[in-house]
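Quick notes on the structure that follows.
The values are calculated or read from the model by the stated rules, or taken from the named source; none is laboratory data. Being a predicted model, the structure only gives us computed values, none of them experimental. With ideal geometry, Cβ positions are generated from the backbone for all residues, glycine too; neighbour counts draw on all protein chains shown. In case anyone asks, the SASA skips ligands and DNA or RNA and just uses the protein heavy atoms, side chains included. Shrake-Rupley method; radii C 1.70, N 1.55, O 1.52, S 1.80 Å.
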Amino acid sequence: MTTGFTGAGAAAGVGLSAGEPTASQLKAALLSQQDLGPSYTPVPSSPPSSGGGGGGSTVTGCPELSSLLNATTAGDRTVQSETYQVGQLGPFLSEALVTAPASTLHADYARDKAALTSCKSMTVNAGGAPLKLAMTPVNLGVAGSTAVRLSGDYNGVQINGDLAIDQAGQVELGYIFLQIEGSSQQQAIAVFKQADAKVQQAFGSAAGAGSSV
């Protein structure tokens, strides 16, 4: 089983605008294994598909989120991502940071926020059985962020998790936490607050950015 933000790696756009972090700065602002603890094992990124973009997974039912979930680099966007898992059965954590010129970044963030608000479900196809996930609005305790609760069935196994986004200056944070046969959100919320705080500290806040509550 795979989760989102696969196959991203580092990819820089053409030039940087004022306030736009570099790929190395994005990388440093992602949660590290040191931040999370030794139980979280990094998952190597899969190579980009031959058709370009990142990873081989596709998203249907809520196509507006496809670029974010696949950590797709296009045009003048710069993306960095990390994926971790705890043991063979998870939980699974993916985090992506995206930057772009201000007008592009703000438009992307508005699109992703609207999609999280309006989409009721999405299906992730990652080479195995399609994983259909219901999407229900949820509060993960970070003011200004937008999040949904994910729930679905993968080959007869119950999957639960959370998908969230937030903005810090000229950076968008994307976050997914998935659990197998687990329904508690305590760990997902704690890790999201940790991820958001690190990004906010690195890049400051702008319109739409959140802070822990």
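Accessible surface for the stretch 112-153, divided over its residues, is 43 Å² per residue with a 1.4 Å probe. Maximal additional length on extending the Ser183-Lys27 stretch stands at 53.1 nm, based on 0.36 nm per residue less the C-alpha distance.
Give the Kirkwood hydrodynamic radius (Å, one decimal) of the stretch 90-211, defined as one over the mean of 1/r across all pairs of different Cα atoms. Write out the running numbers ahead of the final one.
Values: mean 1/r = 0.0676 Å⁻¹.
Roughly 14.8 Å, rounded to one decimal.
Checked against a 23 Å cut-off, the cross-linked pairs Lys27/Lys132; Lys120/Lys198; Lys27/Lys198; Lys113/Lys198 give Cα-Cα distances beyond that limit for Lys27/Lys132; Lys120/Lys198.
The trypsin sites (Lys or Arg not before Pro) found in the stretch 88-146 that occupy coil by DSSP, while having at most 10 further C-beta atoms within 10 Å, are Lys120.
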